[in-house]
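These notes are about the structure you will find just below.
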Amino acid sequence: MSKHILIVGGGYVGMYTALGLRKLIRSGEASVTVVDPRGYMTYQPFLAEAAGGAVEPRHVVAALGRVLKGVRVLTGRITQVDHDERRAEFQPAQGPARSIGYDILVMAAGSVTRLMPIPGLAENAVGFKTVAEAVHLRNRVLAQLAAAVSTDDERVRRRALTFVVVGGGFSGVEALAEMQGLADEAVRHHEGVEPADLSWTLVEATDGILPELHPELGRWAVKALRERGVDIRLGTRLVSAENGVAELSDGTRLDAGTLVWAAGGRPNPLAADSGLPVDRLGRITATEYLTVAGLTDAFAAGDGAAVPDLTRPGEFTGPNAQHAVRQAKLLGRNLVAYVRGRPLRPYRHAYLGSVAGLGHHQGVAQVYRLRLTGLLGWLAHRAYHLAWVPTLDHKARVLADWTLSALFRRNTVQLGAIEHPDEDFRAAAALDRPRASGVGGEEQRQLARVGGDQA
């Protein structure tokens with residue numbers, strides 16, 4: 001009897017698991033459905049380069065429907081899972097909600113932005129987890145530069161040129177570095193603004209940045225960024241963002257035109273809300289076989305799952321792409337084995353290391369005991385992530401973007417209007433409204449005749 005496998009989430013784990021199933025499953029053995037809110041997988045490590053303009057945003061996402069041929073892809077959200085009944089409530093992008101039945105559940109919903117109860121944060125900051133946020137930040141940086149040279153108000157100018165990023169992990173550091181690189185390039189086209197006029201501040205609550213790397217590399221990154229004029233506040237927290245003013249725990253107040261919140265994520269609350277077993281952090285409790293502990297017909301992996309790290313007894317695998325992709329490939333094989341009644345294989349992967357790009361052709365990389373900084377670290381960062389970009393098509397496009405960026409200067413046109421494409425149309429309608437309301441009787445009859453003729 002054919003099994004229906006429901007995969008909740010189309011990120012690293014969801015997409016690569018479905019890819020594995022598509023290759024390994026026999027015809028009629030199982031059907032696969034992937035549900036994702038956006039309908040595409042985002043290659044997270046390149047979000048910073050998309051924000052900086054080095055990579056086209058469309059090239060860091062992969063359309064699930066195109067990649068997963070033969071797999072049913074639904075765009076929308078799973079809002080509730082009833083595993084006892086083997087049913088999930090699905091809210092499509094448009095139209096009424098409905099219920100989806102399944103035989104085997106794969107929880108790959110990943111993580112969501114972790115917000116803190118900081119006054120003004122939700123209203124005045126932007127996150128850095130999606131391609132839409134990356135595009136917004138690129139437009140934001142360029143719009144702020146244009147605003148700074150277009151005003152005579154010194155306070156407005158100073159605010160426009162003040163950028164604050166909260167979070168010293170990979171996401172925050174790379175976002176700040178690439179935004180600074182974009183701004184340094186763009187000021188060439190704005191008379192009266194120099195790179196030194198811009199204020200860049202990185203706020204980190206702990207005593208170091210890039211915690212997954214060796215502390216020596218983290219210290220090198222701090223030194224490199226400070227040499228580029230970045231004010232790095234270690235052991236410091238954001239305590240308020242009301243009215244766009246970033247107030248720090250050390251008493252500093254920064255009137256920030258751009259405030260980026262990149263202080264980590266938390267497991268998607270769907271699992272906890274659905275009564276699935278979770279740990280104190282909200283992660284699904286998983287076994288080394290990527291099954292959900294205590295449940296049958298249920299699997300989990302990725303950021304939202306607490307998977308035991310067999311190479312470090314007592315610990316769990318980290319929430320990063322390196323583990324997610326490898327877990328997904330094993331998960332696909334284990335699902336096939338599960339359907340066929342064969343033994344499952346445990347997940348075991350010794351952490352290889354990490355890489356980070358710091359813009360301006362600088363980076364840091366740690367591969368086993370090898371540590372690279374500067375240009376070599378930057379090249380290692382690009383080579384490593386290019387190798388993991390899904391599909392040959394996307395690899396070629398990213399490589400082409402890099403080649404063009406090396407031969408020509410970055411395109412610094414800001415397209416902020418695309419975030420609100422209806423504004424011009426509504427403004428035009430508002431201009432015509434008073435005139436239309438004042439049209440006299442004869443003019444109204446003429447307009448009616450014209451309308452009738454056109455109809």
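Charged neighbours of T75, selected by a Cβ distance under 15 Å, balance to +4 (K, R count +1; D, E count -1).
Summary of packing: across the peptides 298-304, 223-229, the per-residue average of other C-beta atoms within 10 Å ranks them, highest first, as 298-304, 223-229. Per the Kirkwood definition applied to all pairs of different Cα atoms, how many angstroms is the hydrodynamic radius of the range 1-158? Its Kirkwood hydrodynamic radius stands at 18.2 Å.
Close amide H contacts of G282 (hydrogens built in the peptide plane, cut-off under 5 Å, sequence separation of 5 or more or a different chain): none are found. A 1.4 Å probe run over the protein chains yields, for the chain, 49 Å² of accessible area per residue, whole-number rounding. Using the average count of surrounding beta-carbon atoms within 10 Å as a protection proxy, the listed peptides 105-111, 260-266, 278-284, 153-159 rank, highest first, as 105-111, 260-266, 278-284, 153-159. Could you tell me how far the Cα centroid of the range 248-290 sits from the Cα centroid of the range 351-393, in Å? The range 351-393 and the range 248-290 have Cα centres separated by 25 Å. Based on every Cα atom in the chain, Rg and the maximum pairwise Cα distance Dmax equal 25.1, 87 Å.
Could you work out the relative contact order of the range 291-375? I mean the mean sequence separation of Cα pairs under 8 Å and 6+ apart, divided by the number of residues, in percent.
Here the relative contact order equals 17 percent.
So for the range 20-101, considering every pair of alpha-carbon atoms, how many percent are separated by more than 14 Å? Across the range 20-101, Cα pairs with separations above 14 Å total 70 percent.
When each of the peptides 1-9, 250-258, 312-320 is scored by how many other beta carbons lie within 10 Å of its residues on average, the order from highest to lowest is 1-9, 250-258, 312-320. Against the compact-protein benchmark of 2.2 N^0.38 Å, the Cα-based radius of gyration of the range 333-392 scales to 1.65.
Solvent-accessible area of the chain (1.4 angstrom probe, protein heavy atoms only): carbon and sulfur portion equals 52 percent.
Computed from phi, the 3J(HN,Hα) profile of the range 73-86 under the Karplus parametrisation 6.51, -1.76, 1.60 (θ = phi - 60°) reads 10, 10, 9, x, 10, 7, 9, 7, 10, 10, 6, 4, 8, 6 Hz, with x in place of Gly and Pro. The alpha-carbon of K395 sits under 17 angstrom from the alpha-carbons of these aspartates and glutamates, leaving out residues fewer than 8 places away in its chain: E49, E56.
The values are calculated or read from the model by the stated rules, or taken from the named source; none is laboratory data. A quick note: this is a predicted structure, and the numbers were derived from the prediction, not measured. Cβ: placed from backbone, ideal geometry, glycine included. Neighbour counts: every protein chain shown. Just the protein is used for accessible areas: all its heavy atoms, side chains included, with ligands, DNA and RNA removed. Shrake-Rupley method; radii C 1.70, N 1.55, O 1.52, S 1.80 Å.
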